[in-house]
Amino acid sequence: NFRCRSAFKLLEIDEKYRLLKPGFCVIDCGAAPGAWSQVAVQRVNSTGERPDLTKGCVFGIDLLHIAPLEGAHFLSNQDITSSTTHTKLQELLPQAYADVILSDMAPNATGLKELDHERLVCMCLSLLELAEKLLRPGGSLLCKYWDGALAHKLRDGLTRAFQDVKTLKPKASRKDSSELYFLARTFRKI
Ligand code: SAM
């Protein structure tokens, strides 16, 4: 009963890398319709369903409307690349910092492969600004991108800010799509 099949990609990545721990605060960028947030809510125990574990929090942001979900706080109709949204998140985060930033964001595809690739890379690069403001030292960032000529620019940016950067292709991701994920771990705050 996930809102969307994309949940299986996050489940697969989290099974292997254990990004989401009870008590963690997560920012889910491009969260609509909310499947990744559903996974995050369970893993960080943000509903407090497991009283024996620490209670975490989940914030989801999307340009579109996101239907309410217990354990998640959604900012619908908001642009994650805008500094207004960053400020809102900062005010909402219990400790002013997040442990994990997730991004499954994608621009509306034009069908022009290079253009779509460039637009998504730019959106992902803006996540570095978000991390600078809101990610705790040691935190991690997972972001989707479409492979192409500028992927190395994104990887370089992530490598400057994080100790460890990996490229992932979850089995649940269609083989014929250029979709890949960067997993960047151990944020070094400058
Ligand atoms: N992970 C989601 C889930 O599991 O339900 C699916 C995400 S969907 C593939 C990509 C989303 O990114 C779209 O809903 C789109 O509106 C959103 N998006 C694109 N650009 C955005 C931006 N600048 N700020 C916030 N959300 C954005």
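When the C-alpha atoms of segment 85-190 are aligned to their principal axes, what extent does each axis show, in angstrom, from largest down?
41, 27, 25
What's the ranking of 32-41, 93-102, 160-169 by average number of surrounding C-beta atoms within 10 Å, highest first? Write down the numbers at each step before the final one.
On the way: 32-41: 24.6, 93-102: 19.5, 160-169: 14.9.
Top to bottom by mean Cβ count within 10 Å: 32-41, 93-102, 160-169.
Below 12 Å, Cα to Cα, which aspartates and glutamates can LYS171 reach? Residues fewer than 8 away in the same chain don't count.
GLU12, GLU179
Semi-axes of the equivalent ellipsoid of segment 34-134: what are they in whole Å, largest first, if each equals the square root of 5 times a C-alpha gyration tensor eigenvalue? Intermediate results must be reported in sequence, preceding the final value.
On the way: eigenvalues 141, 49, 29 Å².
That gives 27, 16, 12 Å for the three semi-axes.
Which entries in LYS9/LYS169; LYS16/LYS189; LYS16/LYS133; LYS21/LYS88 show an alpha-carbon gap greater than 18 Å?
Details: LYS9/LYS169 9 Å; LYS16/LYS189 25 Å; LYS16/LYS133 28 Å; LYS21/LYS88 24 Å.
Going by Cα-Cα distance, LYS16/LYS189; LYS16/LYS133; LYS21/LYS88 fall outside the 18 Å limit.
Just add up the charged neighbours of ILE13: K/R +1, D/E -1, any other residue whose Cβ is under 13 Å from the Cβ of ILE13. Present the calculation step by step, with values, prior to reporting the outcome.
Numbers: positive: LYS9, LYS16, ARG18, ARG43, LYS144, LYS166, LYS169, LYS171, ARG185; negative: GLU12, ASP14, GLU15, ASP104, GLU179.
Neighbourhood net charge equals +4.
Given q = 0.21, 0.23 Å⁻¹, what are the Debye log10 I(q)/I(0) values for segment 1-61, with equal point scatterers placed on the Cα positions and solvent ignored?
Evaluating at q = 0.21, 0.23 Å⁻¹ gives log10 I(q)/I(0) of -0.77, -0.91.
Students sometimes get this wrong: rank TYR145, TYR17 by accessible area, probe 1.4 Å, all chains present, largest first. Show your work: numbers first, answer last.
Values: TYR145 5, TYR17 50 Å².
Per-residue accessible area, sorted high to low, gives TYR17, TYR145.
Direction-averaged shadow area of the convex hull around the Cα atoms of segment 7-187, nm²?
Working: hull surface 38.6 nm².
Averaged projected area of segment 7-187's Cα convex hull equals 9.6 nm².
What part of the accessible area of the chain, given as a whole %, is carbon or sulfur when the probe is 1.4 angstrom? Walk me through the numbers before you get to the answer.
Details: 4900 of 9340 Å².
Here it works out to 52 percent.
The values are calculated or read from the model by the stated rules, or taken from the named source; none is laboratory data. These numbers were taken from a predicted model, which means no experiment stands behind them. A quick note on method: Cβ atoms are made from the backbone with ideal geometry, for glycine too, and the neighbour counts reach across all protein chains shown. Heads up: the accessible areas ignore ligands, DNA and RNA and are worked out on the full protein's heavy atoms, side chains in. Shrake-Rupley method; radii C 1.70, N 1.55, O 1.52, S 1.80 Å.
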